[in-house]
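Taking it in order: structure first as structure tokens, then the write-up.
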Amino acid sequence: MQKRLSSDRPAGSRRAGRTGAALALFALALSGCMSLKENKIVQTTPGKVTIRTVLCASNYAKVSGLPDCNKDSVFEIHNNTADATAAKDGQLLVGFRVALGANGPDSFQSKDGVAVFTKSPTYTGELRRLLPPAAGQQWIGYISNFGHYDPAGLRILELEPDFTLPAAGSSAPLQWRTVVGFREGNPAAPNPNAAVSCSDDLVNVNPCLESPPLDRARVDLTQPVSDFAVLGGATTTAFAGTTAVLPFKLRYSDGAKLGRRSFSLSARTQLPQLSAKTAPTLSLDSDATSDTTVQVQLPAGAPAGRFAVALTAAIGSPPVERAAAGTIEVVAVPQVGSKPPLPASGNVDFGFVTPRSGAGRKVTRMAVTGVPAGGTVRVTCRGGGCAFKTKAIKGRRTVNLAKTFRSRTLRPRTVVRLAITGPNRIAKEFTFTIRSGPRKVLVASRCRPPAAKTALRCAPSGS
């Protein structure tokens, strides 16, 4: 029914017989008789798309017994709407116009595995010359293995190369265009690696641009896609001997409606011999952005300086990866006598009254403000009249403690200590000592650097 065809594959290939049959499609290309039967985006993983392209040996005359490749059934016609008739020797050309930053494989096979396509810098350059891409776009050209193509054989070939998206994490639709062509070769001395040279004629049949016609080749197709991005760039100041915490965000834009997805996370740092830790995975709903962090445990002897920390999110197999970096600025722990005094976050507005008995004091207000993000307010009470021993409030930027004391009278010698702490922040400590003399409450405040054993004098407010 169809003759066996030759190709540049080794003679011992187990698929040599069906290679000739499958490659029969391309004979019509040299006559300008190749159409795109199907061209669409398929996406199952955020950040990566498959450009499905089905090439068809045109049967516009609707010859019986041949697959349906007439004008009514193809996605894009070719330049001269003629039928495929003659067998030819050569290579198939496929070009993809995609967003700048998108990347295709170095090589890929047709779906049946018999045609191999390899990136061609010369075909890419010719497409760029003939159809200059708009700003933000690029051409990526491929050329197939050499073969003898006969329209008497199978007339359809399916291509499904994967392309990574430009890592912008955007919800904007993807713009793309596929073009196909054919380069005739000499079967006696094939040179599949020769540079591709295209005709300057864009009106008539052009071997580099068989399909679609020029007016359609200039216009992009569009498709909503799903992508993700890691957002970083923050700088965190951390003291040696503490855990540095660096904030990041993961954004998931789901234009393709893939639904909730789970991303694998990993982190690394420039700090010598140190590892960076983060949550192993992070799940996001469609069109969501989530906070996450990277932690680096700094030894007491960590060198001062600025060091990069990178967070990578990945999904799929092979994985699609997105990354961003932030900076840890490592500073030495201040020592006693530091000049200038240490600035610290947080402050306390407090008030006490004398009870009717005249002995001791009652708390009328104790409001903590300026608590750092992720910080803790811890208060302890020791002595007569205490309604509690220790209270700790986390994750609130403002804390009102007055009700904690339950309007009880704090007796002389009672000591209330309050500390405001936060990740990589200098803790601010307040001590309230109840006395029996004229100055019935003695108030003191100090600042304690992370990992420091001795509290130091705080900077004046506003410094």
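Between residue 356 and residue 392, what is the FRET efficiency for a Förster distance of 51 Å, r being their Cβ-Cβ separation, to the nearest 0.05? Before the final figure, lay out the partial values.
Values: r = 33 Å, r/R0 = 0.64.
It comes to 0.95.
Calculate the FRET efficiency for residue 431 and residue 134 from the Cβ-Cβ distance with a Förster distance of 51 Å, rounded to the nearest 0.05. Please report the intermediate quantities before stating the final value.
Values: r = 67 Å, r/R0 = 1.32.
The computed FRET efficiency comes out at 0.15.
Can you give the accessible area of residue 231 in Å² (nearest 10), computed on protein heavy atoms with a 1.4 Å probe?
It works out to around 60 Å².
Rank these residues by their accessible area, most exposed first, probe 1.4 Å: 38, 184, 76.
Numbers: 38 50, 184 115, 76 10 Å².
Largest accessible area first, the list is 184, 38, 76.
Taking a Cβ-Cβ separation under 4.7 Å as the criterion for a possible partner, which cysteines of the chain have none?
Cys with no partner Cβ under 4.7 Å: 33.
Using a probe radius of 1.4 Å on heavy atoms only, what accessible surface per residue do you get for the chain? Whole Å² is fine.
Numbers: 21920 Å² over 463 residues.
Averaged over the residues of the chain, the accessible area is 47 Å².
Pick the calculated Kirkwood radius over Cα pairs in Å for this structure from [x] 24.3; [y] 27.8; [z] 22.9?
From the options [x] 24.3; [y] 27.8; [z] 22.9, the structure gives [y].
May I ask you to give the percent of accessible area on the chain that is carbon plus sulfur, with a probe radius of 1.4 Å?
50 percent
Mind checking which lysines have their C-alpha under 28 Å from residue 394, skipping anything on the same chain fewer than 8 residues away?
249, 277, 362, 403, 428, 453
Just order 121-132, 285-296, 81-92 by mean Cβ neighbour count inside 10 Å, highest at the front, would you? Intermediate results must be reported in sequence, preceding the final value.
Numbers: 121-132: 17.6, 285-296: 16.1, 81-92: 20.5.
Highest-to-lowest ranking by the protection proxy: 81-92, 121-132, 285-296.
Normalised by the residues of the stretch 26-122, what does the relative contact order come to in percent, with Cα pairs under 8 Å and at least six apart?
Numbers: 145 pairs, mean separation 27.1, N = 97.
Once divided by the residue count of the stretch 26-122, the mean separation gives 28 percent.
On a full-extension model of 0.36 nm per residue, what is the gain between residue 407 and residue 82, subtracting their alpha-carbon distance, rounded to one decimal in nm?
107.4 nm
In percent, what relative contact order does the chain have, based on Cα pairs under 8 Å that are 6 or more apart in sequence?
12 percent
How do the peptides 212-220, 353-361 rank, highest first, by the average count of neighbouring beta carbon atoms within 10 Å per residue?
Listed from highest to lowest mean packing, they are 212-220, 353-361.
For residue 88, list the lysines whose Cα falls under 26 Å from its own Cα; do not include residues on the same chain fewer than 8 positions away.
3, 37, 62, 71, 111, 119
Would you mind listing how long the stretch 274-407 runs along its three principal axes, going by Cα atoms, in whole Å with the largest first?
The Cα atoms of the stretch 274-407 stretch 76, 45, 21 Å along their principal axes.
The values are calculated or read from the model by the stated rules, or taken from the named source; none is laboratory data. Since we're looking at a predicted model, the values are computed, not measured. Every residue, glycine among them, receives a Cβ derived from its backbone with ideal geometry; neighbour counts consider all protein chains shown. Side chains are part of the model used for accessible areas, which takes the heavy atoms of the whole protein and leaves out ligands, DNA and RNA. Shrake-Rupley method; radii C 1.70, N 1.55, O 1.52, S 1.80 Å.
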